[in-house]
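Data block below; observations after.
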Amino acid sequence: MSESSSMPWPTSGSRLHEEYHDNSLNDHDLTDGLDLAFDGAEDILRAWRGGVRPDPDLTVSQWADAHRKLSSRASAEPGRYRTARTPYLREIMDALSPSHPAQRVTFMKAAQVGATEAGNNWIGFVIHHAPGPMLAVLPTVEMAKRTSRGRIDPLIEDSPALRERVKPARSRDAGNSMLSKEFPGGILVLTGANSATGLRSMPARYVFLDEVDAYPASADEEGDPVTLAEARTTTFAHRRKVFMVSTPTIRGLSRIEREFEASDQRRYFVPCPHCGTMQWLQFERLRWDKGRPEMAAYHCEGCERPIAEHHKSQMLERGEWRATAAPTDPKAIGFHLSALYSPIGWKSWEQIARDWLAAQGSDEMLRAARNTLLGETWTESGEAPEWQRLADRRVAFAAQIPAGGLFLTAGADVQKDRIEVDVWAWGRGLESWLVDHIVIPGGPDDPACWDQLTALLGQTWTHENGAIMTLAKLAIDTGYESAAVYAWGRKQGIAQVAPVKGVEGFNRATPVSGPTFVDATVNGRKLKRGARLWTVATATFKAETYRYLRIERPSEPDAPNPAGTIHLPDWADSEWLKQLVAEQLVTIRDRRGYARQEWQKMRERNEALDTRIYARAAVWILGADRFDERMWRQLEKQAGVETVAITPTAAPEKPTTPQAGQVTTPRRRGWKISTPKYME
């Protein structure tokens, strides 16, 4: 720069010089100002150099070992994270690193093998080293909130590298809320698979889909949650990463199994400590003497020698993942792991053997064991029992409600010209008895039909011990003439009536969800959110019903029946029995070749099955699946199953008029008749 073009310093006597002195700015002040300016420029230059300098070439597992701290709030083993504790997770985590070519990573696994922590390590890595928009999807919004509080917040707070990048939620400009965590260069959004709004909230470079087999079939009736979430990654093309994790559920319906089978199906091969044969651990080779699960040992497929569990740490350390299939998508890789690989101190081989033995004799427990221990799907038997076999097992009840029945529910199926209702009694272990079958002629256009259904809510049935019972809950289908059903249900109130809607698909965790509020028309007036609606995963209860119908009766006459046993009265005719077994679970394949299961009608009429499903849904809504011992004892006391000795000369009084959902007994002096709190 030439001297003439530079800014001249103010000379003595000039106006600029006077202004400097008027502001008490002397030469020393000017020097300090220049020093500050140079310091500011140096800071800017330093920040610029930091911005253009490439990040350290770390993988996710290396980052976790260097920066991750496990909180005592979220981990049974707090302290520094060590990949060496679960060496099988190293390759899975590293596949999530930007340098790895895989775009879809699937992990089908048993429960409690560290998969969620691997996903959390990926979240931490993204915040620290590879910022970008990230979407984490849990089965429900409520679970997303719990994950945020219980896992994500400790992840950030206990790792200094993350704490300095995500401002505390209390800061006014933090951008840190329950379901949203902003950081330089990106944002983490948590949502539930049941929220279509959350799934389409933003474009995402990274998507973490946790426990996908627990996702609902559709997000707010807008489509498959996995498809909606993956659509968020479209604009990121080859830079995207999708990590899908889950314990599997039912074969043909399991999302994680479908994705794993489309991948290269990697298994973790470990060496035998005796002969060195590399093999992946299979449950069939875990053996023990009869009645002695504490002797469980793994038998090598090469030398057949038993392997004691204390060898496991060394085996895991020397293990390696090997692909066992050709993927349909070269960018998709998949991993499978059972609880047999669980590190010492977590799930032992002895405990696996004990859990497996405890599950014998119960389809439900075997299914859970296969899912959570082996990380494999359960093959659901959807074969309906022969109606003639059911007819042969009918019995004459000693009273309208046999001794084991403790409360009543009903399912109502609305048809064009009638409403069909079946009333079921329920006892411990969900043992059930068909109590009544009612056909109300007229259909939803006939006011008299609704009047008769209303009268049914006050009808009583007599227990074998003399108790008088009314319906605790009636679930009515809204699939046909829903407006009329909503209007009638609204008039009856929520205590005794539950409008329901059946949806396809299995949901064992929450087969009945809701209630949600829907619009209803009453007396010609449309009411916004005027009715409550419960959603029922009918496939779950259909499979349960057919499983219960196949239960064998005990050979000893006085032996208790197994949980879930269904008792049919001698008056149930062949037509009703054929309707009960009118559907079959079949496996079909979609256009991409993926298998799925769905229920199909084998005959035209299936009202008996439908009403059974709705009555079962009413049981769930009442909360009976979660009753504790105190509640069952209270119901038994009211039904007279467990009563104190009564003086024979005491004459019973006339029963009081029962209220909705109340179980009463012929009243005697000194007796207090109450209504269980869940039925109030």
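The values are calculated or read from the model by the stated rules, or taken from the named source; none is laboratory data. From a predicted model like this one, the values you see are computed outputs, not experimental measurements. We place every Cβ from the backbone using ideal geometry, glycine too, and count neighbours over all the protein chains shown.
List of remarks:
- Residues satisfying the stated conditions in the stretch 126-153, i.e. closer than 21 Å to Arg73 by Cβ, aliphatic (A, V, I, L, M) and part of a helix (DSSP H, G or I): Ile127, Met143, Ala144, Ile152
- Yes/no for Val512 being within 15 Å of Trp620 (Cα to Cα), in contact with a Gly (Cβ under 6 Å, 6 or more places away or on another chain) and modelled with pLDDT of 90 or more: no
- Residue in the stretch 420-427 that is touching a Gly at 6+ places or on another chain (Cβ under 7 Å), of a type in the set (Gly, Ala, Ser) and farther than 15 Å from Glu481 by Cβ present: yes
- Among the residues listed as Ala543, Ala520, Ala531, the single one being under 22 Å from the mean Cα position of the chain (by Cα), small (Gly, Ala, Ser) and assigned by TED's automatic domain parsing to the domain that holds Tyr486: Ala543
- Filtered residue count, the stretch 69-89, keeping only those that are among the polar types (S, T, N, Q) and closer than 23 Å to Leu337 by Cα: 3
Yes/no matrix, rows are residues, columns are (1) in a loop (DSSP other than H, G, I, E, B); (2) touching a helix residue (DSSP H, G or I) at 6+ places or on another chain (Cβ under 9 Å); (3) at negative phi:
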{"residue": "Thr197", "(1), (2), (3)": "no, no, yes"}
{"residue": "Pro203", "(1), (2), (3)": "yes, yes, yes"}
{"residue": "Asp213", "(1), (2), (3)": "no, yes, yes"}
{"residue": "Gly223", "(1), (2), (3)": "yes, yes, no"}
{"residue": "Thr235", "(1), (2), (3)": "no, no, yes"}
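- Identity of the residue in the stretch 343-395, under 22 Å from Gly429 (Cβ atoms), of a type in the set (A, V, I, L, M) and surrounded by fewer than 16 Cβ atoms within 10 Å (Cβ to Cβ), that ends up farthest from the chain's Cα centre (by Cα): Val395
- Residues in the stretch 245-303 that are without any contact (Cβ under 8 Å) to a residue 60 or more places away in the chain, among the aliphatic types (A, V, I, L, M) and more than 17 Å from Thr324 (Cα to Cα): Met295, Ala296, Ala297.
- Entry remark, the stretch 121-154: residues being of a type in the set (Phe, Trp, Tyr) and touching a strand residue (DSSP E or B) at 6+ places or on another chain (Cβ under 7 Å) number 1 in total.
- Residue in the stretch 497-507 that is crowded, with 18+ Cβ neighbours inside 10 Å, out of contact with any Ser or Thr (no Cβ under 7 Å at 6 or more places or on another chain) and modelled with pLDDT of 90 or more present: yes
- Odd one out for Thr249 among (1) touching a Cys at 6+ places or on another chain (Cβ under 7 Å); (2) within 28 Å of Ala509 (Cβ to Cβ): (1)
- Matching residues, the stretch 237-251, being charged (D, E, K, R), touching a strand residue (DSSP E or B) at 6+ places or on another chain (Cβ under 7 Å) and not in a loop (DSSP other than H, G, I, E, B): Lys241
- Lone unmet requirement of (1) assigned to a loop (DSSP other than H, G, I, E, B); (2) touching a Ser or Thr at 6+ places or on another chain (Cβ under 8 Å); (3) not small (Gly, Ala, Ser) for Asp445: (2)
- Close Cβ contacts (under 7 Å, 6 or more residues apart or on different chains) running from residues in the stretch 410-437 that are closer than 16 Å to Trp461 by Cβ to residues that are small (Gly, Ala, Ser) and part of a loop (DSSP other than H, G, I, E, B) comprise Ala425/Gly405; Trp426/Gly405; Gly427/Gly404; Gly427/Gly405; Trp433/Gly405; Leu434/Ala572.
- Checked against (1) surrounded by 14 or more Cβ atoms within 10 Å (Cβ to Cβ); (2) within 17 Å of the chain's Cα centre (by Cα), Lys181 meets all criteria but (2).
- The listed residue being surrounded by fewer than 18 Cβ atoms within 10 Å (Cβ to Cβ) and basic (Lys, Arg), out of Lys473, Lys542, Lys491: Lys491
- Checked against (1) of a type in the set (Phe, Trp, Tyr); (2) surrounded by fewer than 20 Cβ atoms within 10 Å (Cβ to Cβ); (3) at pLDDT below 95, Phe269 meets all criteria but (3).
- Considering residues of the stretch 555-578 that are charged (D, E, K, R) and either touching a Phe, Trp or Tyr at 6+ places or on another chain (Cβ under 8 Å) or touching a residue at least 40 places away in the same chain (Cβ under 8 Å) (or both) only, the residue nearest to Leu253 (Cα to Cα): Lys578
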